[in-house]
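Read the figures in this text as sums done on the coordinates, not as results from a lab. Every value quoted in this text rests on a predicted model; they were computed, and no experiment measured them. All Cβ positions, glycine included, derive from the backbone under ideal geometry; neighbour counts span all protein chains shown.
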Amino acid sequence: MTIVEILIIAVSLAMDAAAVSLGVGTTEHAADLRPELRLAFHFGLFQFLMPLLGWFAGATIAPRIAEFDNWVTFALLAFVGAHMVRSGLSPHIDTYRKDPSRGASLVMLSVATSLDALAVGMSLALQKVNIWYPAAVIGVVTASISLVGLFVGNQLSEKFGKRMEIVGGVTLVLIGLRILLAG
């Protein structure tokens with residue numbers, strides 16, 4: 001597998017994390033460098049770990065995961081997105097009462113954006129590709145693109161205010177639907 005092929009896979013896998021980062025970036029809680037770095041790091045870490053898990057699992061559990069991975073991704077993204085839309089429509093509701101770069105929200109977003117990387121890891125195992133280099137590239141590319149998404153989300157939020165939270169939430173739900181329908 002060439003570096004170009006690995007980069008194409010990495011950028012493709014990072015698109016969900018970029019869109020989620022853009023949405024989360026519209027919230028006031030992700031406006032500081034620390035939560036941005038935490039989110040980007042965890043998105044990259046999960047995108048690194050999931051291909052490894054998929055590669056080690058190989059084809060043995062692929063049929064079981066393939067049956068419901070799109071539904072899990074959709075449910076997680078739809079839950080977070082609906083909450084963001086609700087918050088954007090009501091001036092009295094905060095999307096995240098807590099920092100989304102911590103705890104259950106962080107894990108939920110990280111898992112939702114990296115489930116497809118699990119399947120990629122499985123396919124790389126079937127092709128007998130050494131997983132370490134592609135997984136590292138996928139993780140670094142995802143973390144980098146996530147930082148850009150958070151930055152752009154913050155900029156849009158500063159310019160357009162709470163309306164961007166609605167756009168971010170709808171974006172997450174649409175990404176979830178795209179993943180569900182593509183599966």
Quiz item: When Ser114, Ser105 are ordered from fewest to most other Cβ atoms inside 10 Å of their Cβ, what list results?
Solution: Ser105, Ser114
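Cβ under 13 Å from Phe46's Cβ, Phe46 left aside: what net charge do those residues give with Lys, Arg +1 and Asp, Glu -1?
-1
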